[in-house]
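The values are calculated or read from the model by the stated rules, or taken from the named source; none is laboratory data. It should be emphasised that the depicted structure is a prediction, and the values quoted were computed from it without experimental measurement. Note that each Cβ is placed from the backbone with ideal geometry, even for glycine, and that neighbours are counted across all protein chains shown. Please note that ligands, DNA and RNA were not included when accessible areas were found on the heavy atoms of the full protein model with its side chains. Shrake-Rupley method; radii C 1.70, N 1.55, O 1.52, S 1.80 Å.
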Amino acid sequence: MHAVTLSKTKKKPGLERKGKVVADIKDAIEHYDNAYVFTYDNMRNQKLKDLREQLKSSTRIFLAGKKVMQIALGRSAADEAKTGLHKLSKFLQGDSGLFFTNLPRDDVERLFKEFEEHDFARTGSISTETVELKEGPLEQFTHEMEPFLRKQGLPVRLNKGVVELVANHVVCEEGKPISPEAAQTLRLLGMQMATFRLYLVCRWSPDDFEVYKEGLAHLKANEDDDSS
C-alpha cells in the first residue's frame, strides 16, 4: 500500500501570468481613451520594448495570446468591458496586439505609418532580393575568416593572405526562405533584409469604431501565410 501525501494544489505559473495580463488590459481599458488592434512584420522584441519606453507616458502595448486578450475585452456585447469593445476581439487573429493610448488619432496613424526598423533577416524568413557574390577577392574579410566562410558554404580559399571566392556564389534567392548559413553570411556582409513594421487594423473609442483596410489586408495575408 502506497502512502499518498495530500498537498494544496499550486496554481500553474502560466495561469497566473494570463490572469495578470487580463487584469492589466482591463486596467488599460479604464485609463486610456482609445484602443487599436495592430499587426506587424518581422517582430523584434527589443525594438518593441524601445517603442513602449518611448510612449510610456501616453500608451500601453500588449502582445499576448489571442484568447487572453479577447477575454479581457469581452467577446460579445454581453461580456464586453465597455460598449463596443468586443468589436476589437474578432480582429485579434494571427500576429496581432493591442495598443491603448490617449494620443490623438492623427498622431497614432502617423506613428504607425512612419515606424520602420531595419534588422538582419532570420533563418526561415523570406528573402526580399537575390544576393550573389562574384568570383574574386573578398577584401572585406580578414584571412582568419576563411574557415568560417567555408563553413557557411562559400567556395573560398586564401590567395596570398587574401580571402578569394573561387566561383560565383548565390547567398539567397528572392522569394525563397533564408537558410541558417545565408542568414549568417548576410549578417557578415552587413545586409539588413528584414524590416520590422506595424500596421493599424482597427480603432475603438467610446463613440466610434473604424477599420483600416490596409492593416486588415495585411492581417489576412499573415493568417494565410501561417495556414499554408
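Among the residues in region 4-16, are any modelled with pLDDT of 90 or more and open to solvent by 40 Å² or more (accessible area, probe 1.4 Å)? Within region 4-16 (the criterion being modelled with pLDDT of 90 or more and open to solvent by 40 Å² or more (accessible area, probe 1.4 Å)), the answer is no, since none of the residues qualifies.
Name the one entry in Lys82, Lys87 that is surrounded by fewer than 16 Cβ atoms within 10 Å (Cβ to Cβ), closer than 28 Å to Arg110 by Cβ and not aliphatic (A, V, I, L, M).
Among Lys82, Lys87, only Lys82 is surrounded by fewer than 16 Cβ atoms within 10 Å (Cβ to Cβ), closer than 28 Å to Arg110 by Cβ and not aliphatic (A, V, I, L, M).
Screening region 161-175 for residues that are aliphatic (A, V, I, L, M) and assigned to a loop (DSSP other than H, G, I, E, B) and picking the one that is farthest from Asn222 (Cα to Cα) gives Val166.
Exactly one residue out of Val21, Val37 is modelled with pLDDT of 90 or more and open to solvent by less than 40 Å² (accessible area, probe 1.4 Å): that is Val37. In region 48-96, how many are touching a residue at least 24 places away in the same chain (Cβ under 8 Å), under 23 Å from Glu117 (Cα atoms) and small (Gly, Ala, Ser)? Residues flagged as touching a residue at least 24 places away in the same chain (Cβ under 8 Å), under 23 Å from Glu117 (Cα atoms) and small (Gly, Ala, Ser) within region 48-96 amount to 4.
Out of Ile61, Ile71, one residue alone is modelled with pLDDT of 90 or more, among the β-branched types (Val, Ile, Thr) and open to solvent by 70 Å² or more (accessible area, probe 1.4 Å). It is Ile71.
Each row is one residue, and each column tells you yes or no for (1) open to solvent by 60 Å² or more (accessible area, probe 1.4 Å); (2) of a type in the set (Asp, Glu); (3) part of a strand (DSSP E or B).
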site: Glu129; (1), (2), (3): yes, yes, no
site: Phe141; (1), (2), (3): no, no, no
site: Glu146; (1), (2), (3): no, yes, no
site: Ala183; (1), (2), (3): no, no, no
site: Arg187; (1), (2), (3): yes, no, no
site: Leu198; (1), (2), (3): no, no, yes
site: Cys202; (1), (2), (3): no, no, yes
site: Phe209; (1), (2), (3): no, no, yes
site: Leu216; (1), (2), (3): no, no, no
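Taking the criterion of being farther than 29 Å from Thr123 by Cα, within 22 Å of the chain's Cα centre (by Cα) and among the charged types (D, E, K, R), the residues of region 44-101 that qualify are Lys56, Arg60, Lys90. Answer yes if at least one residue in region 162-179 is in contact with a His (Cβ under 8 Å, 6 or more places away or on another chain), of a type in the set (A, V, I, L, M, F, W, C) and either under 30 Å from Val37 (Cβ atoms) or open to solvent by 70 Å² or more (accessible area, probe 1.4 Å) (or both), and no otherwise. No: region 162-179 contains no residue that is in contact with a His (Cβ under 8 Å, 6 or more places away or on another chain), of a type in the set (A, V, I, L, M, F, W, C) and either under 30 Å from Val37 (Cβ atoms) or open to solvent by 70 Å² or more (accessible area, probe 1.4 Å) (or both).
Put simply, of Ala221, Ala167 the only residue that is at negative phi and over 29 Å from the mean Cα position of the chain (by Cα) is Ala167.
Would you confirm, using the coordinates I've provided, whether Leu158 is more than 22 Å from the chain's Cα centre (by Cα), more than 30 Å from Lys49 (Cα to Cα) and in a loop (DSSP other than H, G, I, E, B)? No; evaluated as a whole, the condition is false for this residue.
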